[in-house]
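Read through the structure below, which is laid out as structure tokens, and then see the notes.
The values are calculated or read from the model by the stated rules, or taken from the named source; none is laboratory data. Just so it is clear, the structure is predicted and the values come from calculations on it, not from any experiment. Heads up, the Cβs are rebuilt from the backbone with ideal geometry, glycines too, and the neighbour counts pull from every protein chain shown. In case anyone asks, the SASA skips ligands and DNA or RNA and just uses the protein heavy atoms, side chains included. Shrake-Rupley method; radii C 1.70, N 1.55, O 1.52, S 1.80 Å.
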Amino acid sequence: MKKYSVYILVGLCVLFWSGNFVLGRFVRDDVQPLELVFFRWLLVCVMLLPALYYVSLRNIIRLIRAHFVVTSVLAILSVTFFNTILYTALQTTTATNALLINSSVPIMILILSALMLKHDVTKRQVMGIALSTMGVLFLILKGEIGNIAALNLSHGDFWMLVSSLVWALYSVLFKLKPAGFSSAELFMANMYLGFVYLLPIYLVQGYTFHTELLLFENYWTYFIYVSLFASILSYIFWNRGIDVLGAAKTGQFAHLMPLFGAVLAYIFLGETLQSYHVVGAVLIGAGIYTSLFLSKPAAATE
């Protein structure tokens, strides 16, 4: 029964993340990407203040100072860059497209691990990478090969690829995290340090206090969602899944994001699935399954 309850928690985590994509698309005309990112992490930092009582703040500060470059890179990739680029992509691509392109992240992680950490890649994994790459290309070309010659690619699809690459890079570099951090301490260090790097980028945009206060008054419920549900609770649920189910099984739940996202996008955005979405999703899914789940046990544990 305990394991089934964890399944529910991890499923909710993926649902919340899928909702983040849909919400970013939903408010694209009223909230700029940098504003959504700023208020998201500002509220996360505020909500986490009481938790500082239960963790070693001194230990967090000591480790950040001792490993400043590594912790800064992780914070910038995960907090400052990832969602900023994601929300920028959602200005000009659909939530469905974004979720399907994002599903290629496991393949990107596999490639980066081979290039940066010298992990071995099997022939079967190469086949999976090829299938998944074909799926992503089919998706961003909207099923029309002629779009290559015409360079008729969506800017949003391009930025979504960049966003996915940023998250894959963070996931690979996460293995280099300094020893001595507890899971909670690392999360809070990422949040606060990432927000510090985000703040000057936000301030130079020239937003006025009056307009931003009005924006918060009108959209505070959306900001609460991305802060509480898509950030804090999702992190807690995901790590609970890793603790109980293991990283491999927990990671498989991320493949539900396109399904959850497509349903949410249909309900809230009126988006519909096209034939090229289905073909792209099948190729990406086949690539991920081939690379991750058909590999030999030794390779799968890399």
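Shown here: Cα extents along the principal axes in Å, derived from the displayed model; of the candidates (1) 60, 44, 41; (2) 104, 37, 33; (3) 50, 45, 41, it corresponds to (3).
Under the criterion of Cα pairs below 8 Å and six or more residues apart, the relative contact order for the chain equals 42 percent. Springs between alpha-carbon pairs under 10 angstrom, Gaussian network model over the chain: which of Ala66, Ala114, Ala98 fluctuates most? In this elastic network of the chain, the residue with the biggest mean-square fluctuation among Ala66, Ala114, Ala98 is Ala66.
For segment 1-81, the solvent-accessible area of protein heavy atoms averages 51 Å² per residue (probe radius 1.4 Å; ligands and nucleic acids excluded). Rounded to the nearest 20, the Cβ-based charge dipole of the chain about its Cα centre (Lys and Arg +1, Asp and Glu -1) stands at 1060 debye.
Could you please state how large a percent of the accessible area of the chain is carbon and sulfur, counting protein chains only and using a 1.4 Å probe? Carbon and sulfur atoms account for 70 percent of the accessible area of the chain. The count of lysine pairs in the chain that are at least 8 places apart or cross chains, and whose C-alpha atoms lie under 17 Å apart, stands at 5. For the pair Phe216 and Ile267, the difference between a 0.36 nm per residue extended length and the Cα-Cα distance amounts to 15.9 nm.
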